[in-house]
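Asker: Below is a structure I'd like to ask you about.
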Amino acid sequence: MAAKNPQSQSKMVSLSMFNNKGGVGKTTLTCNLASLLSTKYNKRVLVVDCDPQCNSTQLIMGEAYATSLYWDHADTNGVTTVKEILQKIEDGDSDINGNIVPVKSSENRFHVDLIPGHPALSIVEDRLGAAWHSLKGGDLGGIRQTNWSTALCRVIQHRYDLVFFDLGPSLGALNRSILIGCDRFVTPMGTDIFSILGVRNIGEWLKSWAELYENALELCEKAAPNRIQNYPISTSLLIQHGFSGYTLQQYITKSKQGIRRPTKAYEEIINNVPAEVEKSLGNFWGSRNEFSSAKLGDIPHLYSLIPLAQTVSAPIMSLRSQDGLVGSQFQQRDEYVSILTRLADNLISNINSPLVA
């Protein structure tokens, strides 16, 4: 990991990037935002790839690295994947593998540390589902297994300022267990009704399992007094006041007589987004800032920049002519960096003005 100022932030913040809707540019935003915060804001940043599709791992490290890791099963300098962190739990234990060796920031152009994902996370989710079933009865082992991300954050809390968990769109046991251990979450959205429906689902889902989790802790405390405090277990769900904002991915406008115009349907969706987000996630708002600050920014359509960045495994802000950047792409890159910087400023403001200290 690149040398950073260890006093740059007194407490590590863990943040999940999550929506119950795919195709909203979540991974691109996560990795580019993490890179910006590392390089321009001098933060010590870790990305944890918790999506079984492993898109963050492929974007940051490239296809050749992913092939070596997942297909050839090559020894990548002892790097720990998310699956290996969860291996003891998969084997029936309640602890994680606490020997965390990330990909170093010096080994990628994003300049962030990375815990690679793994396609087998889909299988581990079955074990986490069983753990949740045990948890609901107050079982301490089930509670500990469900708190694996809490344990992970405890292990690395002095090594980073910000940890980004890149989640898939599922409302399953894996994502629930990650959110239990996280301080904050951000919801990337697209300009379509399914993104709004996804936000509605998140609000209902969070409320339902948060109540079950708190009840489980009470049952466990009655059955085994003072045992919970011996383990890395979230006794207060920070995620209940952890919503830190959303982004809106812009759509491609249609042309009429050479002039690009938004369609009426999309305009209606865009106009409804703030009210829909506040209705579904307002109770989870985690900042003293006004709720209007929840909109972190609009994400422009990046056209050919995304496939180019994927090809060279680089953040968009670092693309240059040697990578194949040409013509108007330079201006698109610079505009994106300006937008991402404003978005980062807004996010930091929301995080640094916590509703619950």
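The values are calculated or read from the model by the stated rules, or taken from the named source; none is laboratory data. Treat the numbers as computed from the prediction; the structure is a model and nothing was measured. A quick note on method: Cβ atoms are made from the backbone with ideal geometry, for glycine too, and the neighbour counts reach across all protein chains shown. Side chains are part of the model used for accessible areas, which takes the heavy atoms of the whole protein and leaves out ligands, DNA and RNA. Shrake-Rupley method; radii C 1.70, N 1.55, O 1.52, S 1.80 Å.
Asker: I'd like to verify a number: residues in the range 331-357 that are open to solvent by less than 20 Å² (accessible area, probe 1.4 Å) and either closer than 22 Å to Ile60 by Cβ or among the basic types (Lys, Arg) (or both), how many?
Answerer: Counting residues in the range 331-357 that are open to solvent by less than 20 Å² (accessible area, probe 1.4 Å) and either closer than 22 Å to Ile60 by Cβ or among the basic types (Lys, Arg) (or both) gives 5.
Asker: Whether any residue in the range 207-225 is closer than 29 Å to Glu276 by Cα and of a type in the set (Phe, Trp, Tyr) is what I want to check.
Answerer: Yes: the range 207-225 contains one or more residues that are closer than 29 Å to Glu276 by Cα and of a type in the set (Phe, Trp, Tyr).
Asker: Suppose the filter is modelled with pLDDT of 95 or more, farther than 25 Å from Leu114 by Cα and either open to solvent by 50 Å² or more (accessible area, probe 1.4 Å) or under 20 Å from the mean Cα position of the chain (by Cα) (or both); does Ser328 pass it?
Answerer: Spelling it out, it is not the case that Ser328 is modelled with pLDDT of 95 or more, farther than 25 Å from Leu114 by Cα and either open to solvent by 50 Å² or more (accessible area, probe 1.4 Å) or under 20 Å from the mean Cα position of the chain (by Cα) (or both).
Asker: Pairs please, first residue from the range 319-342 and on the phi > 0 side of the Ramachandran plot, second anywhere and open to solvent by less than 40 Å² (accessible area, probe 1.4 Å), Cβ atoms under 7 Å, 6+ apart in sequence or on different chains.
Answerer: Final answer for the pair search is Gly324/Leu308.
Asker: Follow-up. From Leu121, Leu86, Leu46, Leu59, grab the single residue that is closer than 27 Å to Asp161 by Cα, hydrophobic (A, V, I, L, M, F, W, C) and at pLDDT below 95.
Answerer: Just one listed residue meets the conditions, Leu121.
Asker: Take the residues of the range 274-295 that are open to solvent by 60 Å² or more (accessible area, probe 1.4 Å) and polar (S, T, N, Q): which is farthest from the chain's Cα centre (by Cα)?
Answerer: The residue in question is Ser292.
Asker: Only one of (1) at positive phi; (2) in contact (Cβ under 8 Å) with a residue 12 or more places away in the chain fails for Asn346. Which number is that?
Answerer: Failing condition for Asn346: (1).
Condition check ((1) closer than 21 Å to Ser56 by Cα; (2) surrounded by fewer than 22 Cβ atoms within 10 Å (Cβ to Cβ); (3) in contact with a strand residue (DSSP E or B) (Cβ under 9 Å, 6 or more places away or on another chain); (4) not β-branched (Val, Ile, Thr)) across all residues:
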{"site": "Val82", "(1), (2), (3), (4)": "yes, no, yes, no"}
{"site": "Glu90", "(1), (2), (3), (4)": "no, yes, no, yes"}
{"site": "Asp93", "(1), (2), (3), (4)": "no, yes, no, yes"}
{"site": "Asn97", "(1), (2), (3), (4)": "no, yes, no, yes"}
{"site": "Ser106", "(1), (2), (3), (4)": "yes, yes, no, yes"}
{"site": "Arg109", "(1), (2), (3), (4)": "yes, yes, no, yes"}
{"site": "Gly117", "(1), (2), (3), (4)": "yes, no, yes, yes"}
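Asker: Say whether the condition of being buried (at least 16 other Cβ atoms within 10 Å of the Cβ), out of contact with any helix residue (DSSP H, G or I) (no Cβ under 6 Å at 6 or more places or on another chain) and among the small types (Gly, Ala, Ser) is met by at least one residue in the range 220-228.
Answerer: Checking the range 220-228: not a single residue is buried (at least 16 other Cβ atoms within 10 Å of the Cβ), out of contact with any helix residue (DSSP H, G or I) (no Cβ under 6 Å at 6 or more places or on another chain) and among the small types (Gly, Ala, Ser).
Asker: Restricting the search to the range 1-21, which residues are modelled with pLDDT of 65 or more, under 13 Å from Lys43 (Cβ atoms) and of a type in the set (Lys, Arg)?
Answerer: Lys11
Asker: Have a look at Ser255, Ser234 and point out the one that is of a type outside the set (Phe, Trp, Tyr) and at pLDDT 95 or above.
Answerer: Going through Ser255, Ser234 in turn, the sole match is Ser234.
Asker: Pairs needed: first member in the range 222-242, over 18 Å from Leu152 (Cα atoms); second member anywhere, modelled with pLDDT of 95 or more and part of a loop (DSSP other than H, G, I, E, B); C-beta distance under 8 Å; at least 6 residues apart or different chains.
Answerer: Sorted first by the residue in the range 222-242, then by its partner, the pairs are Lys222/Gly138; Ala223/Gly138; Gly242/Cys182; Gly242/Asp183.
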